[in-house]
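To start, the structure under review is shown below, and the notes come after it.
The values are calculated or read from the model by the stated rules, or taken from the named source; none is laboratory data. What you see is a predicted model, and the numbers here were worked out from it, not measured in a lab. Don't worry about glycine lacking a Cβ; one is built from the backbone with ideal geometry, like all the others, and counts go over all protein chains shown.
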Amino acid sequence: AEINRWRARSGAAAPAGPDACPIVRPLESYAGLQGLNYFGGISAQNVGAHALCMHLLKMPPGARAKAHLHEAHETAIYLITGKAAMWYGPNLEHHLEMNEGEFLYIPAGVPHLPYNPGETEAV
C-alpha cells in the first residue's frame, strides 16, 4: 500500500506484473534527508529497484547536501545543465567536478557531499 501511495504521488505508472517496465513521471518534489529537494525517480520505494537509485535534482547556485552515503544502492547521475562538484571518500578527502553532459557513478557505501559551485542552477 505504501508503494502504491508513493507511485500515485510521483506519477509512476503501476507495473502490470513481475516483468513490467514502469515509467516514472516526477510530478512533485520532496525534501530529502540530505537537505535538498528531489523529484522522485527510480528507487526501491517506487519501482522496486534492488540496487539502483536515480532521481531528478535541481541545485540552486551555492546549494549543498549534507554528507551521506547509501548503503543499499548505487547512484547514477547525469548532469543536464550547470556545474556540480562533490567531496567523497571515507573522510571526504577526494574531490571531483562535473560539467553538463557528464555521467557520475557512486558505488554503494561511499560517503559523499555534493554541491553546486556554479552561478546557475545545476540539473
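In this structure, is Tyr115 hydroxyl-bearing (Ser, Thr, Tyr) and within 24 Å of Ile23 (Cα to Cα)? So that I can check it myself, show each step before the final result.
Details: hydroxyl-bearing (Ser, Thr, Tyr): yes; within 24 Å of Ile23 (Cα to Cα): no.
Spelling it out, it is not the case that Tyr115 is hydroxyl-bearing (Ser, Thr, Tyr) and within 24 Å of Ile23 (Cα to Cα).
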Can you pull out every residue in the range 45-101 that is of a type in the set (Phe, Trp, Tyr) and surrounded by fewer than 17 Cβ atoms within 10 Å (Cβ to Cβ)? Tyr78
If you scan the range 65-94, which residues turn out to be part of a strand (DSSP E or B) and in contact with a Ser or Thr (Cβ under 9 Å, 6 or more places away or on another chain)? Lys83
Restricting to the range 95-121, name every residue that is assigned to a loop (DSSP other than H, G, I, E, B) and under 17 Å from Glu71 (Cα atoms). Pro107, Ala108, Gly109, Val110, Pro111
With the first residue restricted to the range 91-110 and required to be closer than 21 Å to Glu121 by Cβ, and the second required to be outside any strand (DSSP E or B), Cβ contacts under 6 Å at 6 or more apart or on different chains are Met98/Leu79; Glu100/Leu79; Glu100/Thr81; Glu102/Leu79
The residue from Ile42, Ile23, Ile77 that alone is modelled with pLDDT under 95, within 12 Å of the chain's Cα centre (by Cα) and farther than 28 Å from Glu119 by Cα is Ile42
